[in-house]
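This report refers to the structure that appears directly beneath it.
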Amino acid sequence: MSFPPLAGLFVTHFDDIKGQSIVFYVSSDSKALPAGTIEHSSLPSGLHALSSDLVFFRHYDRLCVGLFRSRDVTGQGSGRGRRMGTVGVILEEDRPEDLFQLKKPLEEVYDHLENLSSNPFLDEENENENEDEVEDGENEGLIGKGRRKTYLDDLWDKYRAKEGRLRGPKEGESVRRLVDGRTHPPASHPIAYMTSLLNLLGPDIIPLYKAAISGKRILIYSPPPLLPLAAFAWLVTAMSLPPAISPAGATLSMWLGNVGLMDLTELKQRKGAWVATTSDAIFKSHATIWDVYLDLSSSPPTLFTPATSPRPLTYTFGDLPLYRSLLLLRASPAQVTVASHLTRTGGAWLVAFELFERVWRLCVGMCEYAIGRGRVIGDHDISLEDDDLTLEDGEEDARVLVGDDIEDAVDEEEEEEEDQGGYNEEDRLLPGDEAEEQRDEAVRTGRLVLKQLWHNSYHLYATLSNVRRKSGREESEELSEAELRELVGGKWFGNIQETEKAIFWRNLANTWRITADEDEQD
């Protein structure tokens, strides 16, 4: 059993009479990190229907994870016939992905507490009445080593963060290392859920990605289990990672974990972009606290944006090229055919897009040659004029990958896996290893998809920077109508300022600090 440096340790319990209650709590700073309402955060609504789950949340902006268990105690005098509680930790360092590695250590702690007493949530003074049930043999001596508080105190002393320890690396650095292939994540890493998210949302993953990079407040709703929800939220947060070449101050969204009704006031006051999950459906009616609401309980899942009443948000025809590239990365290039497109969400649109794309390229090429601007463009080329932005070393591939580049990206990922000791085709699987191979493949695919979205963000940044550079305007100024027309493209008559595309580009410019938002100008 091993934990990273801890800022706190807690045990909470759902009591039939008292409701949620704190059984044990300790932190590195009782003033800055008090117990507060941690019993509500660690025992959110809906968990009673499960036997076990992981709960992810923030406590005074510190990362927390708790293992929830619900035991059947019918006939043991329990009012509801269930004993429900959570054992959890508060991390010192701010890397949300670390929380997903702590299931096994928390299970060991929970198991030990249940071995110490038939009811690990009883008050210490009442514990003696129940500990005579511990049998001789395997559990002999557990009680002699100390009761619950002694065990938890010893655990805290062992893993508490040392004073003066830094709270973690630069924001987003762990995500960049993952995307760059500088780390080999374990199978429990949330990146392994990327394929599931892509399957769930289909083309709607693109408007969700665009909301993330443009600084929106995103709330994901579904009944428990909460573990996959937290992983989905991490993925959306990772999508929001700004390009490394963006100005200082451009940050990714904050991952909040799960939120409940007790967090309503705090969410209303919270500034900046964030991604959170909830198991409380009532949040949908509180449209003032979120910009995008993803309802995973519906079939198919639905994206909403606030209005007089929440209205659905879906993908557009222009989102399909990027979505198509994600599908190509998810499957082996040799297996991607028109027939395979038709079996996926948005399949007919994808086939139509491919046909339209070919006609469009031919038309554009003929028109450009006719006016003397012709140039040879490959299927995946992005043309930059002489005075346009030049990407730094290692960022020249910052574009949407299509065609042969998909195969190159897959080959590159396979080489990275082999260099880091990952699975390769020459390995011979032993019986029972298929599940591990699938988990490794899920991690590998997730990295490829996230890398593709990251490339697209670089392309958007290059486009936005070039338009601002050509205009000669000050960085603090909002995008002008002329700049917006160039970014949006096409022929627009009347006011372009309030179109969805113009709003997206303005938000993106503010989030990536190419322009200053209104609050900073005041």
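Quick note: the coordinates plus some simple rules give every number you see, no bench work behind them. Quick caveat: nothing in here was measured; it's all calculated off a predicted structure. Methodologically, a virtual Cβ is constructed for each residue, glycine included, from the backbone with ideal geometry; neighbour enumeration extends over all protein chains shown.
Using a basic spin-label model with each label point 7 Å from the Cα along Cα→Cβ, how many nm lie between Ser476 and Ser51? With each label point 7 Å from Cα toward Cβ, the separation is 6.3 nm. When peptides 319-328, 239-248, 264-273 are sorted by average Cβ neighbour count within 10 Å, with the highest value leading, the order is 319-328, 239-248, 264-273.
Sequentially through the range 271-282, phi angles give Karplus couplings (6.51, -1.76, 1.60; θ = phi - 60°) of 9, x, 7, 8, 10, 9, 10, 8, 10, 9, 5, 5 Hz, Gly and Pro residues having no value and appearing as x. Close amide H contacts of His59 (hydrogens built in the peptide plane, cut-off under 5 Å, sequence separation of 5 or more or a different chain): Cys64. Annotation: amide H of Arg217 within the under-5 Å range of Trp274, Asp291, Val292, sequence separation 5 or more or interchain, hydrogens built in the peptide plane.
Note on the range 1-70: semi-axes of the ellipsoid equivalent to its C-alpha gyration tensor, largest first and rounded to whole Å, are 21, 15, 10.
Packing, taken as the mean count of other beta carbons within 10 Å per residue, orders the peptides 447-459, 37-49 from highest to lowest as 447-459, 37-49.
Over all orientations, the range 215-293 has a Cα convex hull whose mean projected area works out to 5.2 square nanometres.
From most to least packed by mean Cβ count within 10 Å, the peptides 107-115, 17-25 give 107-115, 17-25. For the range 225-232, backbone phi angles converted through the Karplus equation (6.51, -1.76, 1.60; θ = phi - 60°) give residue-by-residue couplings of x, 8, 4, x, 4, 4, 5, 4 Hz, Gly and Pro being listed as x.
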